[in-house]
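Scroll down for the structure; my scribbles are underneath it.
The values are calculated or read from the model by the stated rules, or taken from the named source; none is laboratory data. Quick caveat, the model's predicted, so the values are computed rather than measured. Backbone-built Cβ (ideal geometry, glycine too); neighbour counts: all protein chains shown.
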Amino acid sequence: MATITIKDVAREANVSVASVSRALNGGSGVTAETGQRIREVASRLRYIPHAAARMLITRRTNTIGALLPDLYGEFFSELIRGIDLAARARGLHLLVSSSHDSSDDAAAALRAMQGRVDGMLIMSAHVDDAFLRANLPEGLPTVLINSAVKNKAYGVINVDNYACARAMVKHLLDVGHKNVAFIAGPENNFDAQQREKGYRAAMAKFASKIAPNVVAGDFTEEAGYRAGQELLAQKKRPSAVFAANDMMAVGCMHAFREAGLRMPQDIALAGFDDIPVARYVSPPLSTVRVRIVDLGRSALESVATILENPDHQVAVRPAFGCEIIVRETCGASRVTASHKKSLS
């Protein structure tokens, strides 16, 4: 079957090719009656506009790029879901890639997207001012997620990791745990750095006689499992463990269970993010809730706003707040501490 072209639609509707193009691309220059007739003919002939040709006319791809550290795990699944929900509501498509383990990978991913996207969402440990200037076209609408970059050329949406981690440690101390250990995230990760700072600040203020106990992690279940084994091997076992994300908390839980420990009777445990699995592990995991879907949705809406209003001044957004979610693993019978901020 021959491919239907724009010329076929023009001939059938008895108008020019330019009129068909204007009618189907939302342009002016055709009457409402003619536009309706063109659309009806296009629908009857099952004409599908050529994407590349439409790009040349509109100078838009209707696609937003998203560069994330990884595509594995429930956090990124939820984040992408939020971005996608907002994109679909605006008739936009997504082009998603990951920065993997190096700035070279991140740069290659950004270069591959150039000319194919109208705007970018970027969440990557490899991104700083110099990197963005070297790898992004000037003027491309860009929003950074959880980033230390402070440049008026880019929108930034951050989770209040410091305050939320501090609140969770205070909660653990308030319910009676004196020796709280922390499983850190990757050294170069902004989220992980802020969460560790929050842990150390809370220990310094509310348990100043107890030395901070930090073990290395990398946000994976395997790292949490290894950290759990390391903590159990210490001469003085902590009474509670706060992991910098839920994935590590789940791995740590497995190490504790393997050693025959009960939670919270023998040792308490808490995580960060409130990924869906946190409420279904046994016992259910106490955690810091980040509204991950809303974070993704807000990031997409921010870049779309910049795209639709090129002269729009990129606003400094307040940090996304969190909420302490008390379940069984922390040893509290009810909510005794919380930290909430409005989500924007």
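Where residues in segment 46-100 are closer than 25 Å to V9 by Cβ and in contact with a strand residue (DSSP E or B) (Cβ under 7 Å, 6 or more places away or on another chain), which of them is modelled with the lowest pLDDT?
Start the filter on segment 46-100 by keeping residues that are closer than 25 Å to V9 by Cβ, which leaves 46-63, 91, 93.
Within this subset, residues satisfying the condition of being in contact with a strand residue (DSSP E or B) (Cβ under 7 Å, 6 or more places away or on another chain) are 62-63, 93.
On the way: N62: 86, T63: 91, H93: 90.
That would be N62.
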(request) Filter segment 186-211 for residues that are closer than 30 Å to S103 by Cβ and not in a helix (DSSP H, G or I) and give the result. (result) P186, E187, N188, N189
(message) Condition first: within 23 Å of R195 (Cβ to Cβ) and either surrounded by fewer than 16 Cβ atoms within 10 Å (Cβ to Cβ) or not hydroxyl-bearing (S, T, Y) (or both). Can you find one or more residues in segment 82-92 that meet it?
(response) yes
(message) Return the residues of segment 124-148 that are crowded, with 17+ Cβ neighbours inside 10 Å and aliphatic (A, V, I, L, M); say none if nothing qualifies.
(response) A125, V127, L132, L136, L140, V143, L144, I145
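Looking at S103, S99 in this structure, which one is surrounded by 14 or more Cβ atoms within 10 Å (Cβ to Cβ), free of Cβ contacts under 8 Å to residues at least 60 places away in the same chain, small (G, A, S) and closer than 19 Å to L295 by Cβ?
On the way: S103 fails: closer than 19 Å to L295 by Cβ.
After applying the criteria, what remains is S99.
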(request) For residues that are closer than 23 Å to D174 by Cα and surrounded by fewer than 20 Cβ atoms within 10 Å (Cβ to Cβ), tally how many sit in segment 239-259. (result) 1
